[in-house]
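Enquirer: Here it is, the structure, as structure tokens.
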Amino acid sequence: MRADNSITAAPRTRTTAGARTAAWVLVALFVAGVLLRLWDLGKPTLDFDETFTAVAARMPLRDMFAFLRHHDAHPPLQYLLSRPAAVAGGSEAALRLPAALLSITALGIFAWWMRSRGRLGLIATAMMAVAAFQITYARDARMYAGMTAVGVAAAFAADRWLHDARRSYSIAAGLALLVGLFLHGSALVMAGGLFLVPLRRRDAAAWWWRGSVLGALALWAVTWGPSFLDQLRAESSTWIPHTTPGYLVATINELVTSYGVLKWFVVAVIVVGVVLLGRQDRRTGQLLACLFVAPVVAAALIGMRAHFLLPRTLAFLSWAPLLAIAAVVDAALRRWSALGVAAVVGVGVLLVPSTVAAVPGKDPAPAAVLGHLRGVARQGDAVAVHPAWLRPLTHWYLSVQRVGPERPLDIQKLDADALVLGSGAWNGRVWLVEPLSYTTPDSGLRPCAPTWTRDSYRLLCLEETLGS
């Protein structure tokens, strides 16, 4: 009997050991992902969108809500999350910390979700930990890491609900959606996918699920809906191209890698992975159909008529392509180990170069000009930017983060809002920051130093003529 017991216990021991090893690998992947998101978080310098977030978040609350309603396309939650660091004039790292923490939350939820999926879950978590899209927006003081987090949370809740239709999962999905609605307008597309999850079911659990989705939409509509309609009328996103098949493929590819050479191949692998997952488990197929395929189709259709679709617009479903590719790699490993090893190497070649480029990232185009400006400008000089909508760049770095009071100045000859450095009177000299693609306004001011050009920006020194 003892011999028999030892024989039957051996598989359990191996299974337990394998589970422990998988758990430790999952923890190691999570730690690696955390390090990638936090490493050198203060670099590079803030880009325009990040300075826009910081400057808007510093406004008095009532002014901020009114400003966003008429001058932005996004809800206020990210600005509220950034507000403490912005009001304090914090560093780049401080401003990006909320996004990094939200991205870490997304990775943690995803790893917990994947823990029961064996090798497939480990591969998917590894990809989520290092994918350039995830790292880039974890290190960006905007709302896209938050959208990734709410998308993963809602998908996890939906997966649990499809296996065990508890009311708590419906509520969790509704709360995740509500947070997303106050982060980014793409959550409306996410809401449509969530509403589809029960399909044709008419039982009480299905109505609870739909009610949670509709409840989140109703609360958002009452509180932010009127502002959203005003934002739609403003048409602030006309620079976004309309959707074409090639552009849609490039957009989905960006969720995996920043290199577009193999975009059609990458999307083909994603399609194969979605089919494999659907065949392996009907509920997973239903989940992907509702929370990946349907939202992508909806976003593409919207993008054909409106300026809507960007890779970051789909941040809420960015987990799905990674899971689909992981399914293909796992299938290759099960079919033939050599083929699987080749697939693993291929995914590494696809992901790693983009990830290396994302940490710490490249300085934005205006960084060199602003750095040079900080070295040559003196107290009493004015700093202006053309066109005026680029004002957050100069305002953040040369007013908020410069010692002394913030002193706006209206220079009518330039038709630009400017600021005076230091505490003294304006000395008549102005430094004008301007993209090369714009023509300098005819101000009648004379040059006072050679034009300094770097990347796609130039810096002009202008001053009033004597007697003017």
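Enquirer: If you go through region 293-302 one residue at a time, how many are open to solvent by less than 50 Å² (accessible area, probe 1.4 Å) and either more than 20 Å from the chain's Cα centre (by Cα) or free of Cβ contacts under 8 Å to residues at least 60 places away in the same chain (or both)?
Expert: 3
Enquirer: In addition: Take the residues of region 150-205 that are in contact with a helix residue (DSSP H, G or I) (Cβ under 8 Å, 6 or more places away or on another chain) and among the charged types (D, E, K, R): which is farthest from GLN286 (Cα to Cα)?
Expert: ARG167
Enquirer: Could you tell me how many of the residues in region 71-90 are part of a helix (DSSP H, G or I) and buried (at least 21 other Cβ atoms within 10 Å of the Cβ)?
Expert: 6
Enquirer: Still on this structure, I have one more. Name the residues in region 157-186 that are buried (at least 17 other Cβ atoms within 10 Å of the Cβ) and among the acidic types (Asp, Glu), would you?
Expert: Answer for region 157-186, where residues must be buried (at least 17 other Cβ atoms within 10 Å of the Cβ) and among the acidic types (Asp, Glu): just ASP159.
Enquirer: Checking the conditions here, which among THR238, THR251, THR243, THR284 is farther than 30 Å from TRP161 by Cα, of a type in the set (S, T, N, Q) and out of contact with any His (no Cβ under 6 Å at 6 or more places or on another chain)?
Expert: Of the residues listed, the single one that is farther than 30 Å from TRP161 by Cα, of a type in the set (S, T, N, Q) and out of contact with any His (no Cβ under 6 Å at 6 or more places or on another chain) is THR243.
Enquirer: Which one of ALA73, ALA99 is touching a Gly at 6+ places or on another chain (Cβ under 9 Å) and modelled with pLDDT under 95?
Expert: ALA73
Enquirer: Could you check LEU398 against (1) of a type in the set (A, V, I, L, M); (2) in a loop (DSSP other than H, G, I, E, B); (3) open to solvent by less than 30 Å² (accessible area, probe 1.4 Å) and say which number it fails?
Expert: (2)
Enquirer: Filter region 138-156 for residues that are touching a residue at least 60 places away in the same chain (Cβ under 8 Å) and more than 25 Å from PHE52 (Cα to Cα); which is surrounded by the fewest Cβ atoms within 10 Å (Cβ to Cβ)?
Expert: Checked region 138-156; the qualifying residue surrounded by the fewest Cβ atoms within 10 Å (Cβ to Cβ) is VAL152.
Enquirer: Under 8 Å between Cβ atoms, at least 6 apart or on separate chains: pull out the pairs that start in region 171-184 with a residue that is among the β-branched types (Val, Ile, Thr) and end on any residue that is surrounded by 21 or more Cβ atoms within 10 Å (Cβ to Cβ).
Expert: These pairs meet every condition: ILE171/SER212; VAL179/GLY146; VAL179/VAL150.
Enquirer: Looking only at region 418-468, filter to residues that are assigned to a loop (DSSP other than H, G, I, E, B) and closer than 18 Å to ALA367 by Cα; which one of those is modelled with the lowest pLDDT?
Expert: This residue is ASP455.
Enquirer: May I pose another question? Pull out all pairs, ordered by first then second residue, where Cβ-Cβ is under 8 Å, the residues are six or more apart or on different chains, the first lies in region 102-118 and is over 18 Å from ASP281 (Cα atoms), and the second is among the hydroxyl-bearing types (Ser, Thr, Tyr) and part of a helix (DSSP H, G or I).
Expert: Close Cβ pairs satisfying both conditions: LEU102/THR148; SER103/TYR137; SER103/THR148; ALA106/THR148; LEU107/THR125; PHE110/THR125; ALA111/THR125.
Enquirer: Here is a further query. Kindly indicate which of PHE308, PHE265, PHE316, PHE292 is aromatic (Phe, Trp, Tyr), farther than 23 Å from PRO198 by Cα and either in a helix (DSSP H, G or I) or touching a Lys or Arg at 6+ places or on another chain (Cβ under 8 Å) (or both).
Expert: Within the list PHE308, PHE265, PHE316, PHE292, the selection yields PHE265.
Enquirer: What's the number of the only condition in (1) exposed (fewer than 13 other Cβ atoms within 10 Å of the Cβ); (2) touching a residue at least 40 places away in the same chain (Cβ under 8 Å) that GLY215 fails to meet?
Expert: Failed condition: (1).
Enquirer: Let me ask you something else. Would a scan of region 379-387 turn up a residue that is within 27 Å of ASP40 (Cα to Cα) and modelled with pLDDT of 90 or more?
Expert: Within region 379-387, none of the residues are within 27 Å of ASP40 (Cα to Cα) and modelled with pLDDT of 90 or more.
Enquirer: Taking region 25-70, which residues are open to solvent by 40 Å² or more (accessible area, probe 1.4 Å) and within 17 Å of ALA94 (Cα to Cα)?
Expert: Listed by number, the residues that qualify are LEU35, LEU36, LEU38, TRP39, ASP40, LYS43, ASP47, PHE48, ASP49, ARG58.
To keep it simple, each residue is scored yes or no on (1) farther than 21 Å from VAL27 by Cα; (2) over 20 Å from the mean Cα position of the chain (by Cα); (3) in a helix (DSSP H, G or I).
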| position | (1), (2), (3) |
| --- | --- |
| ARG96 | yes, no, yes |
| ALA106 | no, no, yes |
| PHE110 | no, no, yes |
| LEU122 | no, yes, yes |
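Enquirer: Continuing with this model, one more query. Can you tell which of THR238, THR284, THR243, THR223 is surrounded by fewer than 17 Cβ atoms within 10 Å (Cβ to Cβ), at pLDDT 95 or above and not hydrophobic (A, V, I, L, M, F, W, C)?
Expert: Checking each option against the conditions leaves just THR223.
Enquirer: Please go through region 358-374 and give me each residue that is open to solvent by 40 Å² or more (accessible area, probe 1.4 Å) and not in a loop (DSSP other than H, G, I, E, B), ordered by number.
Expert: Correct list: HIS372, ARG374.
Enquirer: Six or more apart or on different chains, Cβ under 6 Å: which pairs go from a residue in region 247-258 that's open to solvent by 10 Å² or more (accessible area, probe 1.4 Å) to one that's modelled with pLDDT under 95 and among the small types (Gly, Ala, Ser)? Could you list them?
Expert: ALA250/GLY260; SER258/SER354
Enquirer: Out of curiosity, is THR51 within 21 Å of the chain's Cα centre (by Cα) and modelled with pLDDT under 95?
Expert: When the stated conditions are applied, THR51 does not pass them.
Enquirer: Ok, one more. Quick check on VAL189: is it within 22 Å of the chain's Cα centre (by Cα) and open to solvent by 50 Å² or more (accessible area, probe 1.4 Å)?
Expert: no
Enquirer: Test of understanding: among GLY185, GLY285, which residue is in a helix (DSSP H, G or I) and either farther than 29 Å from PRO353 by Cα or of a type outside the set (Asp, Glu) (or both)?
Expert: GLY285
Enquirer: Just the residues that are over 40 Å from the mean Cα position of the chain (by Cα), surrounded by fewer than 21 Cβ atoms within 10 Å (Cβ to Cβ) and aliphatic (A, V, I, L, M), please, taken from region 413-448.
Expert: If the condition is that a residue be over 40 Å from the mean Cα position of the chain (by Cα), surrounded by fewer than 21 Cβ atoms within 10 Å (Cβ to Cβ) and aliphatic (A, V, I, L, M), then ALA425 is the only one that fits.
The values are calculated or read from the model by the stated rules, or taken from the named source; none is laboratory data. Here the structure is a predicted model, which means the values were calculated and not measured. Here Cβ is always computed from backbone atoms with ideal geometry, including for glycine, and neighbour counts include all displayed protein chains. Note: accessible area is taken over every heavy atom of the protein model, side chains too, but ligands, DNA and RNA are not part of it. Shrake-Rupley method; radii C 1.70, N 1.55, O 1.52, S 1.80 Å.
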